[in-house]
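Each remark here refers to the structure printed beneath this line.
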Amino acid sequence: MATLSVKPGQRFNLSDWHTNSRFISADAEHQRSASHQVRQEAQTLRNKANNQTKWDEHDNQTRLGERIGSVNRWKEMLDKCLADIDAEIDSLAKVKEAAERALQDKNLPLDISIECLTLRESRRAIDVVRDPVEEELHKEVKVIDKAKRELQQRVDEAFKQLCLLQEARQQLSCDHQHKMKTLEIDRVCLSLNVNSPNISFKVNPTRDPDGSTALDEWEEKSRCNKEHAEAEMKASTELREATVVAIAQINNKLEAQRVATEFALRKRIRDLEGAYDELKWQEQNTLEEIADMEEAIRRLEEDLQRKMQDLKVAHTRLETRTCRPGIELCRDQVQYGLMDEVHQLEGTIRALKQKLAESQGALDALYRQLQRIQTDCGYKANSLVLDKKCMESRRKLMVPASKFVPEVDALNRPTNRTLSLLKNGQPELP
């Protein structure tokens, strides 16, 4: 009779079979619950990220629009200010031309007065008297001479004010051009979207650009330019009004003013000479400091190169020791020493680089300071030449009329002739 063969192997109880089924079902439910939780969190994150991105873009679009409006308002104010300053420059130029014409027109009355005095010197005997006509002629000569000098002063003031107006206009024009460029850039930024063809990732876009300023500084700069231009226009208006009424005015203290002006010029020349010598001394010391700093930078760079080579050696040693076989690849004292050396060298290199950057910054500052010194030195030299020319020009005030030949200055207008008065109050005649 054949026997029933029994397969070898472990036999489980029915309770184990049920337990296993329940475990599998519970684990599947747990995994589905966890997956559902992850999906819900992912959906929440996606919704939150999309909403945040949408609102951030909307907010920045709004900010860009407001910024464009703000810049455009300043541009319009600068447009108006530029138009006003152009009109003021034109008005002041016309007043200056009128003053120059009035100054030129005084030559004929002065020549006639002198001619009359000369003719009256031909009188003989008892007719050579100091009568009211002679006194009025002397008064006329004095009045015309003072009027000419006053007009010349007004012309010079108008010329200087024109220079100031042109300078203020240049500042306004530069600011206006910058705002036009800014409007163009911001409008391009406002038009960008995800479908724009020229968008791309940039290197470190969140950095603060060199030369960037705060919003308050930007607005203050534009306000200062506008207020400076308005102040110059106000000064120009006052000067125009004063020039119109100053043609008939005589300054009774002109001689005292001449002495005071010459005294101030001499003092200014001495001050300029002292300032020029001081600047030359500062320039020499700055050049010496630049040479010392350049040498220090060179040494820092050499030390940095040497430390880089030392770091290469330490790196190479560490990497080479990774090839030790088997149990020999242990963290021995050499390993720890090389790691410490690497860390020490890296710290030293960082410190050297930082100090090199500081030294380079100091050197750049020295070069900028040297440039400022040299520029200011040039200004002082130019001012010294100009002030000496002023002193030389003012000597003409002491030249007798008979020896003075009228010249034409840089503005193509005749200079004043000054009559030297004798002790008896009569002009010196040829």
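Length gain on complete extension for the stretch ASP56 to LYS181, per 0.36 nm per residue less the alpha carbon to alpha carbon distance?
Details: separation 125, 0.36 × 125 = 45.00 nm, distance 2.53 nm.
Full extension of this stretch gives 42.5 nm more.
What is the percent carbon and sulfur in the accessible area of region 153-225, measuring with a 1.4 Å probe over the protein chains and ignoring ligands? Walk me through the intermediate numbers first.
Details: 2960 of 5470 Å².
Percent of accessible area from carbon and sulfur atoms in region 153-225: 54.
Computed FRET efficiency, Cβ-Cβ of ALA351 and LEU215, R0 41 Å: what is it to the nearest 0.05?
Values: r = 37 Å, r/R0 = 0.90.
Result of the calculation: an efficiency of 0.65.
Could you list the residues of region 334-372 with an amide nitrogen less than 19 Å from a label point located 7 Å from the Cα of ASP310 in the Cα-to-C-beta direction?
Of the residues in region 334-372, 334-357 have backbone N under 19 Å from the label point off ASP310.
Suppose the chain between LEU318 and GLU358 were pulled fully straight at 0.36 nm per residue; how much longer would it get relative to their current alpha carbon spacing?
Numbers: separation 40, 0.36 × 40 = 14.40 nm, distance 3.23 nm.
Length difference between fully extended and current span is 11.2 nm.
Using the charge dipole of region 311-366 (Lys, Arg: +1 at Cβ; Asp, Glu: -1 at Cβ; taken about the Cα centre), state which of ALA365, GLY347, THR316 has its Cα farthest towards the positive end.
Ranked along the dipole, the leading option is THR316.
Any chance you could run the full-extension gain for VAL194 through GLN166? It's 0.36 nm times the residue separation minus the Cα-Cα distance, nm to one decimal.
5.5 nm
The values are calculated or read from the model by the stated rules, or taken from the named source; none is laboratory data. On a predicted model such as this, the values are computed, not experimentally measured, just so you know. Note that each Cβ is placed from the backbone with ideal geometry, even for glycine, and that neighbours are counted across all protein chains shown. All accessible areas refer to the heavy atoms of the entire protein, side chains included, with ligands and DNA or RNA removed. Shrake-Rupley method; radii C 1.70, N 1.55, O 1.52, S 1.80 Å.
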